[in-house]
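The next block holds one structure in the form of structure tokens; read it before the comments.
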Amino acid sequence: MSQQGAHGPRGVDTPSAYVRDAGRDSQDLFHIVCEDLFKIYKIADLEVVALRGLDLRVRRGELMGIVGSSGSGKSTLLNVLAGLDLPSAGAAYVNGRNLIAMSEEELVDYRRREVGFVWQQTGRNLIPYLSTRQNVEIPLVLNGTSRRQAKQRAEGLLESVGLTGKLKALPDTLSGGEQQRVSIAVALANAPNVLLADEPTGELDTHTSEEIFELFANLNKDLGVTIIVVTHDPAIAARVDRVVAIRDGRIATETFRHYEYNSAGERTIVHREYAVVDRAGRLQIPKSFMDALDLRERARVLLASDHVTIYPEDAGPEKPPEE
Ligand code: ADP
Ligand code: MG
């Protein structure tokens, strides 16, 4: 629904359409841009709206977390960004290219070169009868890298994920955390500039999850790769620049990490949560607030000089304050 650069319902247009308010360098600044994304699954007569007008911008080199309850649309969003699934409407740009406008051939190439994916189930990431090194070599060889170079690169990648001593191990002889490290090395094999991970620590204990989050942070810093991690683990917030919460197929809130310094110069991390306001002025009121005030269907929204108040339909002052 951008005002500039009209595009059809499937959002086929040029990246300039999303240069709305971010200035001329927004194509460089934003690595990933989702605009008014919809995904509707149809099973027989039933329609499930998994994404419902989702807007999201991710900076180049950002390390971001996505949280949200089960069924809120997290995996659907990641699958769209991975080029594994097409949205029903809206636009999704990665690196300035519209995923929806890509041919099947371009999508195959995109999945192979530009994006790496880590699943929750290690079994989905790794081939069980191949060694860790061979697992990392596969995507390289498929991409035309020579065997010798693939071997070198695989060893380098396994070193960078902390698995130097495990080159010949078979996946099922490794711990869950080690298996996810191999999966991350596989996902990074062809040096993608986007790494997507869907609940990569879902089957790991707290301590091991921490180590995997730390690995993501290090890879983000060292390689400059843009990383999106979907997780249920609240510990993610301490590790990433920003956490967005999805509710009902839309981004509901964003939480940023800030640093505060006391008079002794000691640093503490504080997290500040914001409700996301879309271009039409819509925002989501937290479910707990709605329940607490029995807010439903209608609210009174009153403007003050520096804030807005929201009352249940029958509450609030008799007359709205003068504007
Ligand atoms: P999350 O990853 O946040 O748990 P999903 O993206 O997997 O959520 O699912 C969002 C909604 O879409 C859910 O209601 C889910 O049942 C539905 N859904 C997901 N994938 C499919 C599919 N392939 N076919 C039908 N419905 C689906
Ligand atoms: Mg999921």
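The values are calculated or read from the model by the stated rules, or taken from the named source; none is laboratory data. Just so it is clear, the model here is predicted, and its values are computed rather than measured. Cβ atoms come from the backbone with ideal geometry, glycine included; neighbour counts cover every protein chain shown. Just the protein is used for accessible areas: all its heavy atoms, side chains included, with ligands, DNA and RNA removed. Shrake-Rupley method; radii C 1.70, N 1.55, O 1.52, S 1.80 Å.
Report the local net charge at Tyr259: Lys and Arg +1, Asp and Glu -1, summed over other residues whose C-beta lies under 13 Å from its C-beta.
Working: positive: Arg257, Arg267, Arg272; negative: Asp241, Glu260, Glu266.
My count for the surroundings of Tyr259 gives 0.
How would you classify segment 228-284 from its alpha-carbon gyration tensor, with a ≥ b ≥ c the square roots of the eigenvalues: rounded for a/c under 1.5, else prolate if a/b is greater than b/c, otherwise oblate?
oblate
Please list Asp85, Asp294, Asp306, Asp36 from largest to smallest accessible area, probe radius 1.4 Å, with all protein chains kept in place. Numbers along the way, then the final one.
Values: Asp85 40, Asp294 90, Asp306 125, Asp36 20 Å².
Descending accessible area places them as Asp306, Asp294, Asp85, Asp36.
Between the helical axis of 176-187 and the dominant principal axis of the chain, each derived from Cα atoms, what acute angle in degrees is found, rounded to the nearest 10?
Orientation of helix 176-187: about 90 degrees from the principal axis.
Name the residue farthest towards the positive end of the dipole of the chain from the options Val277, Val118, Pro171, assuming +1 on Cβ of Lys and Arg, -1 on Cβ of Asp and Glu, about the Cα centre.
Pro171
From the gyration tensor of the Cα coordinates in the chain, what semi-axes in whole Å does the equivalent ellipsoid have, largest first, with each one equal to sqrt(5λ)? Let's see the in-between values first.
Details: eigenvalues 299, 118, 72 Å².
Ellipsoid half-lengths, sorted descending, are 39, 24, 19 Å.
How would you order 61-73, 186-198 from highest to lowest mean count of nearby Cβ atoms within 10 Å? Intermediate results must be reported in sequence, preceding the final value.
Details: 61-73: 19.0, 186-198: 21.5.
Highest to lowest by the protection proxy: 186-198, 61-73.
Positive end of the charge dipole of the chain (Lys, Arg +1 and Asp, Glu -1 on Cβ, about the Cα centre): tell me which of Leu29, His232, Val161 has its Cα farthest that way.
After comparing all options, I get Val161.
On a 0 to 90 degree scale, rounded to 10, what angle separates helix 147-160 from the longest Cα axis of the chain?
So the helix axis and the longest Cα principal axis differ by about 50 degrees.
What is the angle, in °, between the Cα long axis of helix 104-113 and the longest principal axis of the Cα atoms in the chain? Nearest 10 is fine, range 0 to 90.
Helix 104-113 sits roughly 70 degrees off the main axis of the chain.
Would you list Ile310, Ile43 from the most to the least accessible area, probe 1.4 Å?
Highest to lowest solvent-accessible surface, that is Ile43, Ile310.
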